[in-house]
1. How much length, in nm to one decimal, is gained on full extension between Arg76 and Lys2, taken as 0.36 nm per residue of separation minus their Cα-Cα distance?
2. Please order Glu103, Glu78 by the number of other Cβ within 10 Å, starting at the fewest.
3. Quote the charge dipole size of segment 56-109 about the Cα centre in Debye, to the nearest 20; the model charges only the Cβ of Lys and Arg (+1) and of Asp and Glu (-1).
4. Label 7 Å along Cα→Cβ of Asn69; segment 88-110 residues with amide nitrogen under 15 Å?
5. Over segment 56-109, one equal point on each Cα, no solvent: what is log10 I(q)/I(0) by the Debye formula at q = 0.17, 0.27, 0.29, 0.31 Å⁻¹?
6. So if each residue of separation counts as 0.36 nm, and I subtract the Cα-Cα distance between Ser11 and Asp96, what length gain in nm does that give?
Amino acid sequence: MKYAFPILAISLLISMDAAVAADPAKTTAKPASPHTMDHGKSDPSHGQMDHGQAAGAKGSDAFVKLDANKDGKLSRAEMAKDPKAAHFGMLDANKDGSLSAAEYAKAKGM
């Protein structure tokens, strides 16, 4: 008999928890927002920027100024005047020893 009260109390708590969980009036489902996005149907390029186009065909003003021989690329020597020169190896994505306008444009956020 000394276990009757604890068993009764536990069974009462379990039954109340199940009743509360099953009550749909007590759930707080958020209504669908008109600003939600179905990511399964989204454009894969959404939110991505083509940095090559941002620099333009000739590149930014800084790129044009640094390109001393006007070949459309920056050599390590030409890049030496730029504060981002220490990152030349990292910016040279195709490892051809020079920076294109697109490669230089990616350094803008550095």
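1. Working: separation 74, 0.36 × 74 = 26.64 nm, distance 8.65 nm.
Separation in residues times 0.36 nm, less the Cα-Cα distance, equals 18.0 nm.
2. Numbers: Glu103 23, Glu78 19.
With the fewest neighbours first, Glu103, Glu78 line up as Glu78, Glu103.
3. On the way: 10 positive and 8 negative charges, 19 e Å.
With Lys and Arg at +1 and Asp and Glu at -1, about 100 debye.
4. Answer for this model: 96-100.
5. The calculated log intensity ratios at q = 0.17, 0.27, 0.29, 0.31 Å⁻¹ are -0.41, -1.15, -1.35, -1.57.
6. Details: separation 85, 0.36 × 85 = 30.60 nm, distance 7.37 nm.
Going from the current span to full extension adds 23.2 nm.
Each value in this text was obtained by applying a stated rule to the coordinates, not by laboratory testing. No experiment lies behind these values; they were computed from the predicted model shown. Neighbour counts run over all protein chains shown; Cβ positions are idealised from the backbone, glycine included.
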